[in-house]
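Read the structure below first, then the notes.
The values are calculated or read from the model by the stated rules, or taken from the named source; none is laboratory data. Here the structure is a predicted model, which means the values were calculated and not measured. Every residue, glycine among them, receives a Cβ derived from its backbone with ideal geometry; neighbour counts consider all protein chains shown.
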Amino acid sequence: MATAEGVVVESSPQRKIGRYVMLGFILLWCLFPFVWLIDTSLKLGDAALNSPSLTQGPFGLDNYLSVFDQGFGYNLRNSAIVAGTTTIVCITVGSLAAYAIARLPLKGKVLILSAILAVALFPSVALVPPLYELWRSLGLLNTYPGLYIPYTAFTLPLTIFILTTFYASIPKDLEEAARVDGATAFQAFYKIILPLAAPGVFAAAIIVFVYAWNEFLLASTFAPRDLAAQTVPVAIAAFTGSVEFQRPIGTITAACVIVTIPMIIMTLILQRRITAGLTAGAVKG
């Protein structure tokens with residue numbers, strides 16, 4: 001450990017051991033729910049509910065087979081399309097809108113951002129009845145647009161709010177230098193500013209994708225039964241057990257494991273950019 005005078009002081013063995021013990025405890029605390037989820041998903045029959053022991057079986061893969069027998073592959077496809085479309089639209093439109101707010105000489109920027117954030121905080125349940133009637137008249141029930149249009153409306157304000165902060169923290173001198181070199185305003189944006197704001201873009205994209213992937217209220221209202229548009233949360237809520245008249249806790253936990261693994265993999269791959277996006281701007285030199 002380096003001090004202010006440049007002298008290196010080694011940490012004591014007791015302090016290192018204590019640090020590792022604490023980290024191990026935190027790791028166990030965070031991973032235990034997922035371990036319990038996997039263990040429950042492998043239990044057969046009523047053992048998932050009647051046996052609290054992690055080691056008491058019987059165990060098997062029947063719950064996972066039952067998940068896909070009920071068309072869960074279609075639900076995964078639907079959720080991926082809806083969440084992916086929502087993320088692409090939000091990031092594309094939100095990047096341009098946030099750049100305009102951060103860079104253009106607009107009056108009342110604070111008021112504009114406050115209004116945008118207020119829209120993001122509006123409860124979606126209040127819009128379900130009128131939206132349902134509108135979607136029914138337009139033929140948007142049980143369709144992809146019927147889901148990603150409201151998802152975009154609810155997540156776009158938050159995307160703009162997040163990206164505006166990142167664009168505002170980038171020095172204007174970089175854009176001016178690009179303009180002097182002959183770049184247009186749009187070229188300066190996507191060649192200079194957008195790459196520098198990549199951590200913020202990735203952080204906003206993850207937030208939008210997770211929201212659209214996990215959203216239940218609107219999905220259960222606008223696409224409740226049709227496999228052509230039914231998303232993962234709605235499908236899990238409607239699952240039945242691998243055995244008739246059996247409580248489907250094993251099937252539900254198996255579906256939760258299947259849904260969670262891709263999110264964990266994506267988070268691990270983008271971990272550095274997500275961390276940079278969440279911490280950027282916290283310290284200014």
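Some notes on this structure:
- Of the residues making up the stretch 71-83, those that are surrounded by 17 or more Cβ atoms within 10 Å (Cβ to Cβ) and either at pLDDT below 80 or of a type in the set (A, V, I, L, M) (or both) are Leu76, Val82, Ala83.
- Residue that is nearest to Leu218 (Cα to Cα), among those in the stretch 127-144 that are in a helix (DSSP H, G or I) and under 23 Å from the mean Cα position of the chain (by Cα): Val128
- Residue within the stretch 44-58 that is surrounded by 11 or more Cβ atoms within 10 Å (Cβ to Cβ) and modelled with pLDDT of 80 or more present: no
- Of all positions in the stretch 82-105, at least one carries a residue that is free of Cβ contacts under 8 Å to residues at least 40 places away in the same chain, in the same structural domain as Ala168 (by TED's automatic domain parsing) and not in a helix (DSSP H, G or I).
- The residue pairs whose first member lies in the stretch 5-31 and is charged (D, E, K, R) and loosely packed, with under 10 Cβ neighbours inside 10 Å, whose second member is at pLDDT below 75 and not in a helix (DSSP H, G or I), and whose beta carbons are closer than 8 Å, counting only pairs six or more residues apart or on different chains, are Glu10/Met1.
- Residues satisfying the stated conditions in the stretch 195-230, i.e. surrounded by fewer than 17 Cβ atoms within 10 Å (Cβ to Cβ) and either of a type in the set (A, V, I, L, M, F, W, C) or more than 28 Å from Ser124 (Cβ to Cβ) (or both): Pro195, Leu196, Ala198, Val210, Phe216, Leu217, Leu227, Ala228
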